Amino acid sequence: MKPLITGIHHITAIAGNPQQNVDFYSGILGLRLVKKTINFDAPDVYHFYFGDELGRPGTVFTTFPFTGARKGSKGTGELTYTAFSIGKDSLDYWIERLKKFGITISDVQTRFGERLVRFEDHDSMGIELVANDQDDRPGWTYGHIPAQHSIRGFYGATLNLRAKELTEQLLTRHMDYRLIGQEGERFRYGTQGKPGDIVDIVIDKSGNRGVQSAGTIHHIAFRTANATSQLAIQEILMQNGYMVTEVKDRNYFKSIYFREPGGVLFEVATDEPGFAIDEDEAHLGELIKLPEWAEPSREKIEKNLTPVKLDIEAYA
Ligand code: ZN
């Protein structure tokens with residue numbers, strides 16, 4: 001049978017100041033802001049989507065930023081680090097670039113034979129850049145970052161859990177993942193085992209539970225081809241006792257949600273239709289786009305949102 005899940009679709013974080021958020025992900029990291037919309041479940045909050053030039057599945061980091069948001073804390077039951085993929089020879093470039101913008105970075109670590117650095121955004125969101133030669137995605141060159149060094153999309157995600165058994169069962173029995181490696185308390189799972197589909201579970205038996213708010217991840221979405229494959233995976237998950245939501249229309253994809261046994265909110269999102277359905281590819285992310293049901297309240301909604309701007313020259 002063809003796999004229903006083919007990797008990571010997007011990862012969504014709660015954030016603070018929207019302008020700082022755009023400055024960090026587009027300005028410093030060079031991801032394209034491909035969509036500026038609202039949180040469909042909380043229309044007074046922005047929803048930003050950052051990705052490659054089209055916001056392809058597997059590249060899209062999304063945020064719900066709002067000024068004055070309380071800070072959360074990393075802990076168990078959370079996705080603690082989002083890893084982005086860069087070329088094998090790009091780590092030095094990024095270390096220099098991050099230093100230039102005052103970002104504190106970890107020492108270079110080696111994990112499964114690949115070099116990486118860790119750092120945090122202004123909300124203390126955990127990020128990693130993993131240098132590797134397994135990624136054939138071209139990446140998106142934005143602003144002043146040379147194409148050869150650009151972020152290609154996700155490498156993977158780290159889930160920090162008290163125990164791995166039930167989550168492993170979910171991933172490997174029902175979500176087309178398999179165990180592909182272990183280093184100490186870190187267990188690695190993949191669909192193909194390539195950048196864009198990697199999920200690591202780090203076991204932290206005595207860790208404190210994470211507190212979800214600004215600077216933490218709200219959920220991780222896995223990709224499925226279309227509405228048909230989504231219904232199939234929804235059925236499988238429900239048959240196996242997971243409490244799955246109905247299909248929600250997120251305009252740019254369709255979504256179902258459920259909580260995995262370790263506490264992390266999982267989503268399965270469709271690859272179709274993508275971000276070019278309501279604005280031109282050349283102008284993605286420029287205007288605030290609203291779902292049809294919110295259009296009548298546009299004036300009120302826009303009044304509540306602080307305007308954001310990206311000064312790309314400030315990030316040369
Ligand atoms: Zn989502």
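The values are calculated or read from the model by the stated rules, or taken from the named source; none is laboratory data. Bear in mind that the values here come from a model prediction, so they are computed numbers and not experimental data. For the accessible areas, the whole protein counts, side chains as well, though only heavy atoms, and no ligand, DNA or RNA atoms are used. Shrake-Rupley method; radii C 1.70, N 1.55, O 1.52, S 1.80 Å.
Tabulated values for the structure
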read-out: Distance from the range 60-106 to the range 112-134 (C-alpha centre basis), Å; value: 7
read-out: Value of Rg to Rh for the range 67-134 (Rh from inverse mean 1/r over Cα pairs, i.e. Kirkwood); value: 1.01
read-out: The range 100-140: relative contact order as a whole-number percent, Cα under 8 Å and 6+ apart; value: 28
read-out: Accessible area in the full protein assembly, largest first, 1.4 Å probe, for Ser106, Ser90, Ser206; value: Ser206, Ser106, Ser90
read-out: Helix-only [θ]222 nm of the chain, DSSP H runs n ≥ 4, -39500 (n - 2.57) each, per residue, nearest 500; value: -3500 deg cm²/dmol
read-out: DSSP beta bridge pairing in the range 8-315, given as percent antiparallel to the nearest 5; value: 65
read-out: Candidate residues Arg32, Arg137: accessible-area rank, largest first, probe 1.4 Å; value: Arg137, Arg32
read-out: Relative contact order (%) - criterion: Cα under 8 Å, at least six apart; region: the range 202-316; value: 21
read-out: Contact order relative to length of the chain, as percent, for alpha carbon pairs under 8 angstrom and 6 or more apart; value: 26
read-out: Largest-first ordering by accessible area, 1.4 Å probe, given options Ser124, Ser150; value: Ser124, Ser150
read-out: The range 251-287-the range 170-195 distance, computed between alpha-carbon centres (Å); value: 23
read-out: Under 5 Å, built H, 5+ apart or other chain: amide partners of Leu54; value: none
read-out: Zero-based 10 Å bins, Cα pair distances in the chain, whole percents; value: 6, 28, 38, 23, 5, 0
read-out: Å² of accessible area per residue within the chain, as computed with a 1.4 Å probe and no ligands counted; value: 43
read-out: Top of Val117, Val199, Val22 by mean-square fluctuation, Gaussian network on the chain, Cα under 10 Å; value: Val117
read-out: Carbon and sulfur %, accessible surface of the range 8-315 computed with the full protein complex present, 1.4 Å; value: 48
read-out: Distance cut-off 24 Å, percentage of C-alpha pairs in the range 202-316 lying past it; value: 49
